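Engineer: Input: one structure, supplied below.
The values are calculated or read from the model by the stated rules, or taken from the named source; none is laboratory data. Nothing here was measured: the structure is a model prediction, and the numbers come from that model. Because the Cβ atoms are built from the backbone with ideal geometry, glycine has one as well, and the counts that use them run over all protein chains shown.
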Amino acid sequence: MRKLAFVLLLALNTVLLNSCKEEALTYNLTITPHYHVDGDELMLDTIIYQNAAGNPYSVNKLRYYLSNFRFVKADNSVVTADGDAHFIDAREGTILNLPKVPVGSFKELRFNFGIPQSQNVYGNLPNTSYNTGMVWPEQMGGGYHFMKFEGYFNSNQGVNGYAIHVGNNECLADVSISTPFDISEDGSMTIGFNLNEIMTGPNTFDMDSSNYTMGIMPAMLEISANINNAFTLEQTP
Amino acid sequence: MTRSVWFLLVLLAISASSCKEEVDECEANTHPYQLQFPDYFPILEVPSDNPLTEEGVQLGRRLYYDPLLSTGGPREGRSCSSCHFQSNSFSVPSTASGSSVLPHVNLAWSRNFLWNGKLEGILEDVMLFEVNDFFEVDFNLLKEDAVYPELFRKAFGSCEITDELVAKALAQWFRRLKSSNSKFDSYLKGEEQLTDSELNGMTTFFTEKGDCFHCHGIPLMTNNEFHNIGLDSIYDPTVKDRSYISGSPYDRLKFKTPTLRNVELTSPYMHDGRFVTLEEVVEHYNSQVKRSMTIDPIMTKPGKEYGLQLTEEEKQNLVAFLKTLTDWEFVNDTSLSSPF
């Protein structure tokens, strides 16, 4: 009888502990993307930057999705804070708001650049004007653009436009930032996004060779492979 | 009777009179208006201080069709409907200058207006401009009218008629000018099949072959942004393009993407009305694109440097698909016609 009571108490304790764990995932975290080009603050609409291929370029449009934020603890356990896909427009200075994040110390931040396959279906995201503006036609695989990165560059023939578009499930990029950080209640975090890294490391994108990527799977995969190096953790609470 | 009794009686009378219900002669009498559109349309954002009501929409409709709006102003004798014809999807079939005017359709989802985006904001902001600057409405005429004061009272609970309320009524009407029931919509909903020609045209439209979808994507068939599609190679500072508004040289030769909904009915095409037929428009993209600094990279991407290079049949199919975007219910709906 005593044994049974002990087991029941132990079970109750486990349940209570688990419920406490769930409660810990109820804090807000705002994430502010900080755009720069190799450390220079982003100034839109002006050809003042130079990429690894030597193309002088401007940034006129940068819209993309981040999703599936995960926080890795020292013991390598991973807590998924938010599975949603967040639309971000650099021109509008979009700030992410994750409603459920764990509080504590972490060794690594992980997220996806793009939209996970399970959500990358037209009509799956809320039909905001932002999301409908990112639709990827059914005839080309469906879902949404993961990124629209556009501007102008000084080409061999004078000023020309470029459009780096990435989509399709194969191009979903895993991003991991191995910088230790702490999160407290209702905290905020700044992640750096170096736009030059979109076009280099490991794959150098030369606008003079091609100023367009959509529908060109090898080009989109190369851009996707570059993305992981583009993000850094700059500031936590 | 003692003085205290009199005092009590007076007090009672005052209390009784205060119980009388005050009648507000300017009280609104509205009924919510439910705007129906497919679930794949963007969420409709309506300002909380101007919800859609039956009374507001009907008042806006009357104002849209009433030349009283312009009486005494620079556009004397004209209403919105004097130029924007329902049969042309509320576009303007021809103008004195030969230019074209964007249609009044699905503007509820736009935040910039006119070919160069001169007007920005929500519909209430734009209508305020139309009321005060375009028509220069004489509000005394509306106040002295036999019908309007009662209509404004019912719609907005106001005994006054102000520019703000006229703008609000027109904004409600413009939200009502929603087109979402074309053959293509029926196809998307699985209710109707397209012909082989239309299907082939749709494939061209929504793939890299035609690449129309980047600017004319579903469901609005416009991205409400500004692009240079290679109509001209030389910037003409007298043409009021997007750069005229933004001041940026990177916006030269750029104009707002028009919706392709009901495009069959909205000739002439382009900001200057240079094309009359859809075949001419398609041919532009096919072989007549002119390069310039700000041309959209989509227009000159690898393999398409000299236009789309479609065959005659592919061009015909593309036009056939464009015609599936016509919403005949919208252009024939008598509830959208003149109330006079």
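Engineer: When only residues in the stretch B:31-82 that are among the polar types (S, T, N, Q) and closer than 30 Å to A:TYR130 by Cα count, which is farthest from the chain's Cα centre (by Cα)?
Structural biologist: B:SER48
Engineer: Test B:TYR250 against the stated conditions and say whether it is buried (at least 20 other Cβ atoms within 10 Å of the Cβ) and among the aromatic types (Phe, Trp, Tyr).
Structural biologist: Yes, satisfied.
Engineer: Moving on. Does A:ASN160 satisfy being modelled with pLDDT of 95 or more and of a type in the set (S, T, N, Q)?
Structural biologist: no
Engineer: Sticking with this structure for a sec: Conditions first: (1) among the small types (Gly, Ala, Ser); (2) away from every other protein chain (no Cβ under 14 Å); (3) touching a residue at least 40 places away in the same chain (Cβ under 8 Å). A:GLY151 passes all but one, so which condition is the exception?
Structural biologist: (2)
Engineer: Further question: If I filter the stretch A:21-58 down to residues being at pLDDT below 95 and in contact with an Asp or Glu (Cβ under 7 Å, 6 or more places away or on another chain), which single residue comes out as nearest to A:THR232 (Cα to Cα)?
Structural biologist: Here the residue is A:ASN28.
Okay, residues lined up against (1) in a loop (DSSP other than H, G, I, E, B); (2) crowded, with 21+ Cβ neighbours inside 10 Å; (3) of a type in the set (Ser, Thr, Tyr); (4) in contact (Cβ under 8 Å) with a residue 12 or more places away in the chain:
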position: B:GLN172; (1), (2), (3), (4): no, yes, no, yes
position: B:PHE184; (1), (2), (3), (4): no, yes, no, yes
position: B:TYR187; (1), (2), (3), (4): no, no, yes, yes
position: B:GLU191; (1), (2), (3), (4): yes, no, no, no
position: B:THR207; (1), (2), (3), (4): yes, no, yes, no
position: B:MET221; (1), (2), (3), (4): yes, yes, no, yes
position: B:ASN224; (1), (2), (3), (4): yes, no, no, yes
position: B:ASP232; (1), (2), (3), (4): yes, no, no, yes
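Engineer: Quick check: is even one residue across the stretch A:222-235 under 21 Å from B:MET293 (Cα atoms), surrounded by fewer than 17 Cβ atoms within 10 Å (Cβ to Cβ) and of a type in the set (Ser, Thr, Tyr)?
Structural biologist: Scanning the stretch A:222-235 turns up no residue that is under 21 Å from B:MET293 (Cα atoms), surrounded by fewer than 17 Cβ atoms within 10 Å (Cβ to Cβ) and of a type in the set (Ser, Thr, Tyr).
Engineer: Identify, from the list A:ILE183, A:ILE198, A:ILE191, the residue that is within 19 Å of A:ASN68 (Cα to Cα), buried (at least 18 other Cβ atoms within 10 Å of the Cβ) and within 13 Å of the chain's Cα centre (by Cα).
Structural biologist: None of the other options fit; the residue is A:ILE191.
Engineer: Here's something else I'd like to know. One residue is enough: does the stretch B:305-318 have a residue meeting the conditions of a type in the set (S, T, N, Q) and closer than 30 Å to B:ARG176 by Cα?
Structural biologist: There is no residue in the stretch B:305-318 that is of a type in the set (S, T, N, Q) and closer than 30 Å to B:ARG176 by Cα.
Engineer: Scan the stretch B:234-266 residue by residue and report those that are within 12 Å of another protein chain (Cβ to nearest Cβ), over 16 Å from A:GLY161 (Cβ atoms) and either of a type in the set (Phe, Trp, Tyr) or assigned to a loop (DSSP other than H, G, I, E, B) (or both).
Structural biologist: Residue satisfying the conditions is B:GLY247 alone.
Engineer: Sticking with this one: Counting residues that are more than 14 Å from chain B (Cβ to nearest Cβ) and surrounded by fewer than 16 Cβ atoms within 10 Å (Cβ to Cβ), which strands (runs of 3 or more DSSP E) fully inside the stretch A:42-140 reach at least 2?
Structural biologist: The strands (runs of 3 or more DSSP E) meeting that bar are A:78-89, A:96-101, A:104-106.
Engineer: Okay, next question. Determine if the stretch B:114-137 includes at least one residue that is in contact with a strand residue (DSSP E or B) (Cβ under 7 Å, 6 or more places away or on another chain) and among the polar types (S, T, N, Q).
Structural biologist: yes
Engineer: Evaluate the following for B:ASP272: is it surrounded by fewer than 19 Cβ atoms within 10 Å (Cβ to Cβ), out of contact with any Gly (no Cβ under 6 Å at 6 or more places or on another chain), among the charged types (D, E, K, R) and under 24 Å from B:PRO103 (Cβ atoms)?
Structural biologist: Yes: the conditions hold for B:ASP272.
Engineer: Go over the candidates B:VAL126, B:VAL131 one by one and state the one that is part of a helix (DSSP H, G or I) and closer than 21 Å to B:PRO42 by Cα.
Structural biologist: Of the residues listed, the single one that is part of a helix (DSSP H, G or I) and closer than 21 Å to B:PRO42 by Cα is B:VAL126.
Engineer: Does A:PHE87 count as farther than 18 Å from A:SER129 by Cβ and under 14 Å from the mean Cα position of the chain (by Cα)?
Structural biologist: No: the conditions fail for A:PHE87.
Engineer: Any residue at all in the stretch B:209-219 that is of a type in the set (Val, Ile, Thr), out of contact with any strand residue (DSSP E or B) (no Cβ under 6 Å at 6 or more places or on another chain) and either without any contact (Cβ under 8 Å) to a residue 60 or more places away in the chain or assigned by TED's automatic domain parsing to the domain that holds B:LYS118 (or both)?
Structural biologist: Checked the stretch B:209-219: no residue is of a type in the set (Val, Ile, Thr), out of contact with any strand residue (DSSP E or B) (no Cβ under 6 Å at 6 or more places or on another chain) and either without any contact (Cβ under 8 Å) to a residue 60 or more places away in the chain or assigned by TED's automatic domain parsing to the domain that holds B:LYS118 (or both).
Engineer: Right, here's the next one. Tell me, which residue of the stretch A:202-221 that is assigned to a helix (DSSP H, G or I) and hydrophobic (A, V, I, L, M, F, W, C) is surrounded by the fewest Cβ atoms within 10 Å (Cβ to Cβ)?
Structural biologist: If we take residues in the stretch A:202-221 being assigned to a helix (DSSP H, G or I) and hydrophobic (A, V, I, L, M, F, W, C), then A:MET217 is surrounded by the fewest Cβ atoms within 10 Å (Cβ to Cβ).
Engineer: For the stretch B:81-90, indicate whether the set of residues that are aromatic (Phe, Trp, Tyr), surrounded by fewer than 21 Cβ atoms within 10 Å (Cβ to Cβ) and more than 27 Å from B:TYR244 (Cβ to Cβ) is non-empty.
Structural biologist: Yes, the stretch B:81-90 contains a residue that is aromatic (Phe, Trp, Tyr), surrounded by fewer than 21 Cβ atoms within 10 Å (Cβ to Cβ) and more than 27 Å from B:TYR244 (Cβ to Cβ).
Engineer: Residues in the stretch B:254-282 that are under 18 Å from B:GLY307 (Cα atoms) and within 23 Å of the chain's Cα centre (by Cα): how many?
Structural biologist: Final tally of qualifying residues: 4.
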